[in-house]
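Report on the structure given below.
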Amino acid sequence: MARLRDVLTGRGRAFVASGTTLAAAGWGLGFTDISRVGVLLLVLPIVTGLISRRQRASLRVERHTSPSRVAVDERAIVTVTMTNAGTRRTPLLLAEERLNLALGDRPRFLLGQLGAGEVRQVEYAVRSHLRGRHPLGPLTVVLRDPFGLTNRFAEVGATGDIVVLPRIDPLVGGRPPGNGVGAEGEIPFMVALHGEDDQSIREYRDGDDLRRIHWPATARTGDLMVRQEDRPARRRAMILLDPRAGAHQGHGASSSFEWAVSAAASVVTHLAGLGYATHLVCSETVHDGQAAMTTDADHALDLLAEAETGPETELAELVRAAHPVTASGGLVVAVLADRDEESLRQVASLRQPGGSGLAVVLDTATFADSPRGAHTSSGRGGGGGGKGRPVGPSASAYAELLHTAGWVVAVARQGDGVPEVWSALTTRGVLVG
């Protein structure tokens with residue numbers, strides 16, 4: 001019956017009700033003519049429904065989103081361009097754009113008749129409080145028969161999407177503290193870590209400046225050789241995101257995992273702006289084989305927009321993928337949930353002697369039962385947390401574990417701001433194990 005109510009318009013339902021009443025009354029009272037009228041009223045919606053199925057809305061639908069990537073709670077304008085690709089004039093159409101509920105209400109609009117090749121544009125605004133890649137469309141149009149008794153729903157055109165990036169908080173301060181292996185200017189051929197030649201002389205390539213030809217090497221090898229210009233070394237930073245579903249608590253935008261994703265996005269953006277060669281280690285980069293590759297900020301944000309939680313074994317897999325990146329030192333930043341001592345010991349091993357390790361341990365219990373924004377961070381490192389309610393025992397113990405392994409640690413609770421926690425980490429001296 002629910003399906004029948006969708007197909008029939010108000011007029012169609014009136015025809016069916018009237019036809020049923022007349023047919024039953026005529027049959028009961030013995031008036032054949034009244035029964036015939038009732039049957040006619042019942043049959044008419046069926047016939048018109050079959051006629052409406054022969055109608056075709058040959059629409060070509062294209063979407064343009066401005067901007068195509070937005071931050072959480074940022075407004076975007078979607079322009080839907082509809083072109084009549086058929087040779088006949090389209091009927092009057094009621095259209096509805098299918099959207100994810102996170103983007104707001106589904107826009108509806110009346111689409112007038114379009115001649116062959118005629119184009120019409122409609123704009124609507126979307127805003128999402130949830131990160132992710134949200135689909136746009138398809139466009140659902142309602143076709144009515146000539147008598148207005150039945151509806152036919154048809155999906156036309158291709159779908160699109162919009163990327164909602166995680167919340168990015170601006171982080172203040174200069175370079176995080178650190179020196180030694182992985183630091184700028186302290187490894188002679190650091191450029192090799194970025195995929196460049198680590199030799200001062202290499203073979204000639206088409207397009208090389210002839211003034212760079214190294215004649216002694218050319219004479220010795222018999223092949224044209226040129227001088228390799230060394231580039232300044234760049235500091236390297238790896239950001240690790242704990243994806244374990246069982247370790248995080250809370251739901252939606254106020255969950256501990258969403259806080260961790262926002263923190264990772266903020267740190268990647270900040271370090272890339274400082275000139276670091278950044279590596280993002282999360283479920284998405286490990287599964288795609290990109291963990292060892294340098295990731296620019298834009299690509300990292302796209303990956304974090306679609307970051308999802310995984311099984312309990314996921315963190316161990318991420319640590320294995322991160323070891324080749326951290327083997328020669330550099331800055332390691334980890335955002336971790338307060339669960340499983342053995343897993344955190346594995347994470348602790350990522351910081352190499354002489355390298356720098358910054359860790360944020362989430363007090364996940366506070367994300368399960370605290371209202372959002374209820375606390376303010378005090379910015380204490382080495383197991384410190386915000387003011388008010390004390391830090392959970394597991395978060396404090398895990399922070400102390402990492403602190404003992406030579407990491408600078410801060411505990412984050414629900415309501416603590418990413419900038420305050422980051423400031424607490426970067427204002428401490430590096431503890432070398």
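For the stretch 290-321, name all the residues that are closer than 17 Å to VAL268 by Cβ and of a type in the set (Asp, Glu).
If the condition is that a residue be closer than 17 Å to VAL268 by Cβ and of a type in the set (Asp, Glu), then ASP296, ASP298, ASP302, GLU306 are the ones that fit.
In this structure, is THR366 farther than 17 Å from ALA263 by Cβ, open to solvent by less than 20 Å² (accessible area, probe 1.4 Å) and either in contact with a His (Cβ under 8 Å, 6 or more places away or on another chain) or not basic (Lys, Arg) (or both)?
It is false that THR366 is farther than 17 Å from ALA263 by Cβ, open to solvent by less than 20 Å² (accessible area, probe 1.4 Å) and either in contact with a His (Cβ under 8 Å, 6 or more places away or on another chain) or not basic (Lys, Arg) (or both).
Restricting to the stretch 221-235, give me the number of residues that are modelled with pLDDT under 75 and in contact with a Leu (Cβ under 7 Å, 6 or more places away or on another chain).
Of the residues in the stretch 221-235, 0 are modelled with pLDDT under 75 and in contact with a Leu (Cβ under 7 Å, 6 or more places away or on another chain).
Quick grid of which residues meet (1) under 19 Å from VAL421 (Cβ atoms); (2) at pLDDT 95 or above:
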position: SER254; (1), (2): yes, no
position: ALA260; (1), (2): yes, yes
position: ALA264; (1), (2): yes, yes
position: VAL268; (1), (2): yes, yes
position: GLY273; (1), (2): yes, no
position: ALA291; (1), (2): no, no
position: LEU303; (1), (2): no, yes
position: THR326; (1), (2): no, no
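Scan the stretch 31-46 and give yes if some residue there is in contact with a helix residue (DSSP H, G or I) (Cβ under 6 Å, 6 or more places away or on another chain), open to solvent by less than 70 Å² (accessible area, probe 1.4 Å), among the hydroxyl-bearing types (Ser, Thr, Tyr) and not in a strand (DSSP E or B), otherwise no.
yes
If I ask for residues that are out of contact with any Lys or Arg (no Cβ under 8 Å at 6 or more places or on another chain), outside any helix (DSSP H, G or I) and open to solvent by 10 Å² or more (accessible area, probe 1.4 Å), which ones from the stretch 262-293 would you list?
ASP288, GLY289, GLN290, ALA292, MET293
Just give me the residues in the stretch 72-103 being closer than 17 Å to GLY160 by Cα and open to solvent by less than 30 Å² (accessible area, probe 1.4 Å), in sequence order.
Those that are closer than 17 Å to GLY160 by Cα and open to solvent by less than 30 Å² (accessible area, probe 1.4 Å): ALA76, VAL78, THR79, VAL80, THR81, MET82, THR83, ALA95, GLU97, LEU99, ALA102, LEU103.
Touching a Pro at 6+ places or on another chain (Cβ under 9 Å), among the hydrophobic types (A, V, I, L, M, F, W, C) and closer than 28 Å to GLY406 by Cα: which single residue out of LEU301, LEU318 fits that description?
After applying the criteria, what remains is LEU318.
Look at the stretch 391-413 and say how many of its residues are closer than 16 Å to ALA264 by Cα and either open to solvent by 40 Å² or more (accessible area, probe 1.4 Å) or of a type outside the set (D, E, K, R) (or both).
So the count comes out to 4.
Among the residues of the stretch 79-87, are any in a loop (DSSP other than H, G, I, E, B), farther than 25 Å from GLU306 by Cα, out of contact with any Lys or Arg (no Cβ under 9 Å at 6 or more places or on another chain) and among the polar types (S, T, N, Q)?
Yes, the conditions are met somewhere in the stretch 79-87.
For the stretch 16-55, give me each residue that is closer than 29 Å to ARG152 by Cα and among the β-branched types (Val, Ile, Thr).
Passing the criteria: VAL16, THR20, THR21, VAL37, VAL39, VAL43, ILE46, VAL47, THR48, ILE51.
Being part of a strand (DSSP E or B) and either over 28 Å from the mean Cα position of the chain (by Cα) or not polar (S, T, N, Q) (or both) is the requirement here; does ILE162 meet it?
Criteria met by ILE162.
Conditions (1) more than 15 Å from THR278 (Cα to Cα); (2) open to solvent by less than 10 Å² (accessible area, probe 1.4 Å); (3) in contact (Cβ under 8 Å) with a residue 40 or more places away in the chain, marked per residue:
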residue	(1), (2), (3)
ALA297	no, no, no
GLU317	yes, no, no
SER328	no, no, yes
VAL332	no, yes, yes
ASP338	yes, no, yes
GLN346	yes, no, no
GLY354	yes, no, yes
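Residues to consider are ARG11, ARG54, ARG69, ARG60; find the one that is without any contact (Cβ under 8 Å) to a residue 24 or more places away in the chain, open to solvent by 50 Å² or more (accessible area, probe 1.4 Å) and within 53 Å of the chain's Cα centre (by Cα).
After applying the criteria, what remains is ARG54.
Name the single residue, out of those in the stretch 318-359 being hydroxyl-bearing (Ser, Thr, Tyr) and in a loop (DSSP other than H, G, I, E, B), that is farthest from ALA291 (Cα to Cα).
SER349
Filter the stretch 210-220 for residues that are open to solvent by less than 70 Å² (accessible area, probe 1.4 Å) and modelled with pLDDT of 85 or more and give the result.
Passing the criteria: ILE213, HIS214, ALA217, THR218.
State which residue pairs qualify: first residue surrounded by fewer than 19 Cβ atoms within 10 Å (Cβ to Cβ) and inside the stretch 419-431, second residue modelled with pLDDT of 90 or more and charged (D, E, K, R) in any location, beta carbons under 7 Å apart, and separation of 6 or more residues or different chains.
These pairs meet every condition: PRO419/ASP169.
The values are calculated or read from the model by the stated rules, or taken from the named source; none is laboratory data. Because the structure is predicted, anything quoted here is derived from the model rather than measured. Glycine gets a Cβ as well: all are built from the backbone with ideal geometry, and neighbour counts include every protein chain shown. Ligands, DNA and RNA are excluded from the accessible area calculation, which covers all protein heavy atoms including side chains. Shrake-Rupley method; radii C 1.70, N 1.55, O 1.52, S 1.80 Å.
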